[in-house]
Amino acid sequence: MMNNLKQQIENMPSRRQEQLLAFDRLLTIMDELREQCPWDRKQTMDTLRHLTIEETYELSDAILENDLNEVKKELGDLILHMVFYARIASETNHFDIADVLNGICEKLIARHPHIYGDVVADTEEKVKQNWEQLKLKEGNRSVLGGVPQSLPALVKAMRIQEKARGAGFDWEEKQQVWEKVEEEMQEFKHEFNAERNEDIDRQKAEGEFGDLLFSLVNYARFIDINPETALERTNKKFIKRFQYLEEQAKATGKNLKDMTLAEMDVYWEEAKRIL
């Protein structure tokens, strides 16, 4: 078996051989660190969890900034974490990295019968529908069962809607979705105006606001806009403009708290032109 594996590797293109050697190098380093480094020896899946989440967000930032060099670095950090988890599990004989990789390979083959079987799926939409139906056959009780509970609400709304669409539950036209947005806006507006009265139902107003956000996410999906990406880009844009405002105010010896909105708006408009 080892001879056959060696022969297969030797017959691979040189770049694929380099990739396999690089992965083997990482596995070797991981083994050495786990055995020799006090910090690495101490880590558990629980202690690594929050670090993995942080690395994932750093990768997300690098992608949004279109900084491919940083993307490369952050991917390396995440791959290290995946290898680390597998190494920890191997120590209790639960699984190792080979089990992880073979598992995902088998799942990909099973979930793509239009590539590895005789199922026909010639559109992206059909592929998604097949994917969700296959997951149900594998034992998932609900199409929505695969949506992680800890996802940020905006991302979760998008995933819920995508999975519902995969099961055939969706609007037919984007105009219908926009009408729903306008309907939810009016319902929220009604509750918002109720703040003038003492008997405002804040829980109901919050519910209407949630419905409005959910419908906006739905419309964004229909026009191929990722709401999480769109909002994060706006966040970054606001931060850059506000920091420019702070820098310019400081350069003129002013404190933002002592400036009028009109004065701050001058620098804000400058930021919009320059940045």
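Every number in this text was worked out from the coordinates using simple rules, so none of it is lab data. Predicted model, so just to flag it, every value in this text is computed and none were measured. Counting neighbours? That spans all protein chains shown, and the Cβs are built from the backbone with ideal geometry, glycine included.
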Notebook entry, point to check: For the peptides 124-135, 254-265, what is the packing order when you average, over each peptide's residues, the other Cβ atoms within 10 Å and list the highest mean first?
Noted result: 124-135, 254-265
Checklist line | Contour minus Cα-Cα distance for Ala164 and Lys128 (0.36 nm per residue) | finding: 11.9 nm
Margin query: Shape verdict for region 13-100, please, from the Cα gyration tensor: rounded (a/c under 1.5), prolate (a/b greater than b/c) or oblate.
Written below: oblate
Checklist line | Spin-label model distance (nm) - Asn4 vs Asn69, 7 Å beyond Cα toward Cβ | finding: 4.6
Notebook entry, point to check: Listing His94, His81 from the residue with the fewest other Cβ atoms within 10 Å to the one with the most, what is the order?
Noted result: His94, His81
Next item on the list: Over the residues of the chain, compute the C-alpha Rg and express it relative to 2.2 N^0.38 Å.
Entry: 1.38
Margin query: As a footprinting exposure proxy, order Asp211, Asp96 by other Cβ within 10 Å, with the fewest listed first.
Written below: Asp96, Asp211
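At 222 nm, what helix-only mean residue ellipticity would the chain give, in deg cm²/dmol to the nearest 500, using -39500 (n - 2.57) for each DSSP H run of four or more? If you can, show how the numbers build up before the last one.
On the way: 13 runs with 207 residues, N = 275.
Computed mean residue ellipticity for the chain: -25000 deg cm²/dmol.
What does the highest-first list of 227-240, 7-20 look like by mean Cβ count within 10 Å? It would help to have the intermediate numbers written out before the result.
Values: 227-240: 13.2, 7-20: 10.1.
Listed from highest to lowest mean packing, they are 227-240, 7-20.
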Next item on the list: Between Asn193 and Phe242, with labels modelled 7 Å along Cα→Cβ, what's the label distance in nm to one decimal, could you check?
Entry: 3.2
Check: Want the number for Ser60 to Leu151: 0.36 nm per residue separation, take away the alpha-carbon distance, what's left?
Finding: 31.3 nm
Checklist line | Dipole magnitude (debye, nearest 20) for region 39-110, charges at Cβ of Lys, Arg, Asp, Glu | finding: 320
Check: Contour minus end-to-end for Glu18 and Ile223, with contour as 0.36 nm per residue of separation and end-to-end as the Cα-Cα distance?
Finding: 69.7 nm
Check: Asp31 versus Met185, label points 7 Å from Cα toward the beta carbon: distance in nm?
Finding: 6.2
Next item on the list: Would you mind classifying region 144-226 by shape? Square roots of the alpha carbon gyration tensor eigenvalues, ordered a ≥ b ≥ c; an a/c under 1.5 is rounded, otherwise it is prolate if a/b is larger than b/c and oblate if not.
Entry: oblate
Notebook entry, point to check: Cα gyration tensor of region 230-274, axes a ≥ b ≥ c as square roots of the eigenvalues: rounded (a/c below 1.5), prolate (a/b > b/c) or oblate?
Noted result: prolate
